[in-house]
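A.B. asks: What follows is a structure written as structure tokens; I'll ask about it next.
Only the coordinates and a few stated rules stand behind these numbers; no lab work does. Only a predicted model underlies this, so the values are computations on that prediction, with no experimental measurement involved. With ideal geometry, Cβ positions are generated from the backbone for all residues, glycine too; neighbour counts draw on all protein chains shown.
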Amino acid sequence: MSKVLVISGHPDLSHSYTNRVILAELEQAIDTITVRRLDERYPDFRIDVAAEQQALLDADVVVLQFPFYWYSVPALLKKWIDEVLTFNFAYGPEGDKLKGKPLLLSLTIGGPKEAYTPLGYNHFPIAELLKPLEQLAYLTGMVYQPPVWSHGMVYIPGVYNTQELVERRAREHTGRLVAALQGLTS
Ligand SMILES: Cc1cc2nc3c(=O)[nH]c(=O)nc-3n(C[C@H](O)[C@H](O)[C@H](O)COP(=O)(O)O)c2cc1C
């Protein structure tokens, strides 16, 4: 069975309603999964690069699980990308260590689908906003997979949604993610 590595980029899962549910359900659904919670490991943002690179070497499939922040990844996950995907590891003349590994983005998005259209308040489609990460896959030789994302994932008590609704969306999200991973693992 292929080994799935999930890098959780949420900056504080103790204050998460959706990523927390997705990670817990994933661990239940797939035996060969390893979840690395960056918030737990690196509350001080001091990333153990060697340990992270070893985790990547050991993996067959890599999932980046994160909440969409300012149309991108949260700062902790960006720092992980900047520091872990180094020259001659992820790119460069000897940087073939990730080559051929599938990369699957799994993200939770606060805004509704219609916001991410030309006349919506976020203008651009999600797939377009994810292009830097898609290009990251090409440069590293990883195999970019169709991302899995869900809209309407923000819960602010008394303002947006209910906890029950966003948790249900998180479980639906996990179902799609597990199906995508089953297609990649043997
Ligand atoms: C700092 C910050 C930036 C955010 N930026 C966006 C954004 O650019 N687009 C969007 O649709 N939602 C945005 N959101 C909403 C988050 O995507 C949403 O709260 C998150 O996916 C919920 O995940 P959680 O329940 O695991 O915390 C942002 C939230 C925060 C806190």
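A.B. asks: Cα axis of helix 163-182 to longest principal axis of the chain: angle in degrees, 0 to 90, nearest 10?
C.D. replies: So the helix axis and the longest Cα principal axis differ by about 30 degrees.
A.B. asks: Moving on to the next point. Any idea how far apart Glu114 and Ser14 come out in nm if each label point goes 7 Å out from Cα toward Cβ?
C.D. replies: Label-label distance for Glu114 and Ser14, simple model: 3.9 nm.
A.B. asks: Just to verify a number: FRET efficiency for Gln28 and Thr162, C-beta to C-beta distance, R0 = 25 Å, to 0.05?
C.D. replies: FRET efficiency, Gln28 to Thr162: 0.60.
A.B. asks: Let me ask you something else. Angle, helix 49-58 long axis vs. longest principal axis of the chain, Cα atoms, 0 to 90°, nearest 10?
C.D. replies: 90 degrees
A.B. asks: While we're on this one: Cut-off 19 Å, label point 7 angstrom out along Cα-to-Cβ of Leu184: give me the residues of the range 34-66 whose amide nitrogen falls inside.
C.D. replies: Under 19 Å, as judged by backbone N against the label point of Leu184, lie 34-38, 52-66 of the range 34-66.
A.B. asks: Summing -39500 (n - 2.57) over the DSSP H runs of n ≥ 4 in the chain and dividing by its residue number, what mean residue ellipticity at 222 nm do you reach, to the nearest 500 deg cm²/dmol?
C.D. replies: Per the formula, -11000 deg cm²/dmol.
A.B. asks: Next question. Order 159-167, 4-12, 141-149 from most to least packed using the mean count of other Cβ atoms within 10 Å.
C.D. replies: Result, highest mean Cβ count within 10 Å first: 4-12, 141-149, 159-167.
A.B. asks: Sticking with this one: Give me the angle, in degrees from 0 to 90, between the Cα long axis of helix 75-84 and the longest principal axis of the Cα atoms of the chain, rounded to the nearest 10.
C.D. replies: 10 degrees
A.B. asks: Near Lys3, which aspartates and glutamates are there with a Cα under 13 Å away, not counting those fewer than 8 places off in the same chain?
C.D. replies: Glu27, Asp31, Asp58, Asp60
A.B. asks: Would you mind estimating how fast the chain diffuses translationally, via Stokes-Einstein at 10 °C and 1.306 mPa s with the Kirkwood radius over Cα pairs, in µm²/s?
C.D. replies: Rounded to a whole number, D works out at 94 µm²/s.
A.B. asks: Sum up the charges of everything whose Cβ sits under 15 Å from the Cβ of Leu76, counting Lys and Arg as +1 and Asp and Glu as -1, but leave Leu76 out.
C.D. replies: Around Leu76, the surrounding residues sum to -2.
A.B. asks: Expressed in nm to one decimal, what extension gain is obtained for the pair Thr86 and Glu40 from 0.36 nm per residue of sequence separation less their Cα-Cα distance? Please report the intermediate quantities before stating the final value.
C.D. replies: Details: separation 46, 0.36 × 46 = 16.56 nm, distance 2.27 nm.
Length difference between fully extended and current span is 14.3 nm.
A.B. asks: What fraction of the DSSP beta bridges in the chain is antiparallel, stated in percent and rounded to the nearest 5?
C.D. replies: In the chain, DSSP labels about 10 percent of beta bridges as antiparallel.
A.B. asks: Over what distance in Å are the Cα centres of the range 43-94 and the range 147-186 separated?
C.D. replies: 23 Å
A.B. asks: A further question on this structure: Measure up Lys78/Lys113; Lys78/Lys101; Lys79/Lys131; Lys78/Lys131; Lys101/Lys131 against 22 Å on the Cα-Cα distance and list the ones that go over.
C.D. replies: The pairs that break the limit, which is 22 Å between Cα atoms, are Lys78/Lys113.
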